[in-house]
Every structure is written in structure tokens, then in C-alpha cells.
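A.B. asks: If you scroll down you'll find the structure; I have some questions about it.
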Amino acid sequence: MNRNEIILKFLESDILKKWHWFTYHFQFYLYGREHPLSKSIVDAISNIDNTVPGFASIMIDRLSSISGKEKFLPHYEQLIQNFAELYVFNRVVDYFSAKKVEMVHEPTTKESAKNPEFVVKFEETVFGIEVKAPSLLLHMNHRYDNPAQISTRVPGLLESMKDLFGDSSITSPRDNPIKDFLLSANEKFAGFKNENKDFISLLFIVWDDFIYEPISAMLGEPSGLFLEGSFAKDENGKQTKFENVDAVLLDRHLINIIRATRDEQLHDDKKHAMDYGTKEDFPFKVIIPTPFSGIKIPEFIIDCFQLKGLSPELGAEYIPSDFIFWPDAILNEKKS
């Protein structure tokens, strides 16, 4: 499907026929013009479809189906999550554009219909990627309104914070979404791991600027999901292990996708919603190998996704934390 055909399919879809969060952005095409957000989406879909034929039709149908309920925020968040998938998949296609590679969108195995976003075969390596983005709108409001935030479950910490700030003035950890992402990815990758012991499984989480939240959820002492004292337990009271996930990749790009939908200036010199940036650009993309896997992540994957290991040198937000206190001056700045 060429670019003009992709635009025509958008114009004939429910994005323009029903109430949709992005009708405004795509109706520019009716007048021979192009909105920056719709341009970035069309460009990414076209780019991927050239490598994975049929992707364009599937993605446009999916985006247009999330419609029909006026100002329904769960629909907005679903669309943002689909844009995050586009953002990651587009990067993979760009990176391997000059290489001999096989890519399959939403593949399945013989033992399960559950599937990650895509699987890539490059030389002798086969790897799969599951892309996740959280529903953050309500959580963002809590961050902006509350003077204190707990980022890691620490015994006695919540009670101490309540004594200082009251019950309703504390932002809770965002560790349950990370647990759910890991459980989902673990299940989706199981069949691939069973069929190929060398299969590499990657969970790519697109978050916003508060990247310490998922980092703390996984590595925060004493209850992080990757620690023996993890708050996630199995039916025997033992640590839940995500043995089918080899590594978690984190990128702070979600805020730019959201800002692009609002016609706001993007952060960090990004040009458009699908702009992946470079390895040395701030904010950095990071990799967290899971303690449940012995597989070494190949260097070409590190290079593809421009990944760095966690380090204090990357900034304070790239290390686990237990709580954050926001002074009034910072709260006021965040709200402005």
C-alpha cells in the first residue's frame, strides 16, 4: 500500500465517519494539507508496510475502530498505546532497512494464539518485542496535585508519609502496571521460548519523563519485581519469576506522543511523534536485563534501540528511589 492509498484509507475510515480523538488531525487531508501528527503516523505506517506488507491495513483498521464515544478517555489512552507500538516498530524497520532481515507482525506459535507485537530474524538471531505503554492520565494529575510520591513499596513508609501529608496527598507507586506488563509478556513469549531455546524476548515499555517509576518498580529495595523480596508472589508465596522475558527496555518518549496530539511543542528537540532520536540524545533509553534469564543481549539490539545500562551518571531519574517530596515551587512549575 503506497502513501496515497494509506491516506485514502484513513479518509474512508471511522476516524472521519464517527467521533474520534484524531478526526481533527486527519481531516487536514480533505483540504490538501497535512497535520504534523497525522504525517508522522502515515509516514511510519508506510515505512513499516514496505517491509511487512499488510501492516498498514491492519493498523488503520485498529486505529479507526477506537471511535464512536465522544471524549472517552480510555479510547485516547488506547490510541496513544498504539502510537507507542508504531514508534518502536518504525525504529526497528529503519535500523534494519539496509540489512537482510525477516519481520513478522503479531506472530503466533503452535501452542498459543497469544503473541508479541513482532518477531525479527536477523542472521542467526531471532528476537521478539512486546511493546507496552501505561494509562497515565489520571496518574499524571495525581503527580501534579500531590506534594509527595512513593515509588517503591517499603514497609512502614506509607504510614509515615500519611502522618506527614495526610491520606489523600500521596501519589502511589506505579508498580502494578509494570507487574501486569511483565506477566503479559511472559505469557506471550512462552510459546516462542519453548520452540526455540535461543529466542530473545524483549519487553519495551514507553513511559513518560518520570522514568524512575518503572525502574523503582523493578529494582527498588526491598520489594522490586526483580528482587527476592518482590511484592509479586506466586500461589506458594514465592517470588513471581518472569522467566520468558530476557530484558526490559525503557524509553521516556510517551510525553512527546501526548504533546504531539495536543499541538504542543515537543521536548528534547524531537521533530515529530515518531522521532526516535540518537543514542547520545537526552533522555536516554535504557535496558534492564531480567535476573530470570541467562541470555546475553546481542550488541546489534543494543545499537538498534540506542540502549544504555542504568547508571547514576545518566541522571537521578535513572536509579531506583523510594519516595519523592515535591516542594511547592516544583509543584507550581509542573502545573504551569
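A.B. asks: Based on alpha-carbon positions alone, could you give the equivalent ellipsoid semi-axes of the stretch 1-67 from the gyration tensor, as √(5λ), descending, whole Å?
C.D. replies: Each semi-axis is the square root of five times an eigenvalue, giving 18, 14, 9 Å.
A.B. asks: Of LYS271/LYS308; LYS121/LYS270; LYS132/LYS197; LYS69/LYS285, which sit over 27 Å apart, Cα to Cα?
C.D. replies: LYS121/LYS270; LYS69/LYS285
A.B. asks: For the ranges 19-26, 2-9, what's the packing order if you count other beta-carbon atoms within 10 Å of each residue, average per peptide, and put the highest first?
C.D. replies: Output ranking for 19-26, 2-9: 19-26, 2-9.
A.B. asks: So how do 263-269, 252-258, 75-81 stack up, highest first, on mean other-Cβ count within 10 Å?
C.D. replies: Top to bottom by mean Cβ count within 10 Å: 252-258, 75-81, 263-269.
A.B. asks: Now, a different point. Please build a GNM for the chain, connecting alpha carbons under 10 Å apart, and tell me which residue among VAL101, VAL248, VAL119 fluctuates the most.
C.D. replies: Residue with maximal mean-square fluctuation among VAL101, VAL248, VAL119: VAL101.
A.B. asks: Could you tell me the largest-minus-smallest coordinate of the C-alpha atoms of the chain on each of the three principal axes, in descending order and whole angstroms?
C.D. replies: Extents along the principal axes: 59, 49, 38 Å.
A.B. asks: Output the pairs from LYS114/LYS279; LYS100/LYS193; LYS17/LYS100; LYS110/LYS279 with a Cα-Cα distance over 30 Å in this structure; if there are none, say none.
C.D. replies: LYS114/LYS279; LYS17/LYS100; LYS110/LYS279
A.B. asks: Under the rule of at least 5 residues apart or a separate chain, name every residue whose amide H is placed under 5 Å from the amide H of THR171.
C.D. replies: When sequence neighbours closer than 5 places are left aside, the close amide H contacts are ALA148, GLN149, ILE150.
A.B. asks: Considering the options CYS304, SER168, ALA232, tell which one lies farthest towards the positive end of the dipole of the chain, charges being +1 on Lys and Arg and -1 on Asp and Glu at the Cβ, about the Cα centre.
C.D. replies: Positive-end residue among those listed: CYS304.
A.B. asks: Rounded to two decimals, what is Rg over Rh for the stretch 1-125 when you use alpha-carbon atoms and the Kirkwood radius?
C.D. replies: Answer for the stretch 1-125: 1.00.
A.B. asks: Could you grab the relative contact order for the chain? Cα pairs under 8 Å, six or more apart, rounded to a whole percent.
C.D. replies: For the chain, the relative contact order is 17 percent.
A.B. asks: Check which residues have an amide H placed less than 5 Å from THR125's amide H, if you skip close sequence neighbours.
C.D. replies: none
A.B. asks: Also: What does the charge count near THR108 come to, summing +1 for each Lys or Arg and -1 for each Asp or Glu among other residues with Cβ under 15 Å from its Cβ?
C.D. replies: Counting the neighbours of THR108, the net charge comes to -2.
A.B. asks: Then there is this: For a quick protection proxy, order the peptides 54-61, 297-304 by their average other-Cβ count within 10 Å, most packed first.
C.D. replies: Answer by packing, highest mean first, reads 54-61, 297-304.
A.B. asks: While we're here: Through the Karplus equation 6.51 cos²θ - 1.76 cosθ + 1.60, θ set to phi - 60°, convert the phi angles of the stretch 53-59 into ³J(HN,Hα) values in whole Hz; use x for Gly and Pro.
C.D. replies: Karplus values, whole Hz, x for Gly and Pro: x, x, 4, 4, 4, 4, 5.
A.B. asks: Looking at the chain as a GNM with Cα springs under 10 Å, which of ASP251, ASP322, ASP281 has the largest mean-square fluctuation?
C.D. replies: Sorting by GNM fluctuation, first place goes to ASP281.
A.B. asks: Quick one: Karplus J couplings for the stretch 212-220, per residue in order, coefficients 6.51, -1.76, 1.60, θ = phi - 60°, nearest Hz, x for Gly and Pro?
C.D. replies: 5, 5, x, 5, 5, 4, 8, 10, x
A.B. asks: Sequence-distant or interchain residues sharing an amide H contact under 5 Å with LYS308, placed H: which?
C.D. replies: LYS285, VAL286, ILE287
A.B. asks: Give me the number: length gained by fully extending GLN265 to GLU221, i.e. 0.36 nm times residue separation minus the C-alpha to C-alpha distance, one decimal in nm.
C.D. replies: Going from the current span to full extension adds 12.2 nm.
No lab work stands behind these numbers, since they all come straight from the coordinates. Quantities reported herein were computed from a predicted structural model and do not represent experimental measurements. No Cβ is skipped: glycine too gets one built from the backbone with ideal geometry, and neighbour counts run over all protein chains shown.
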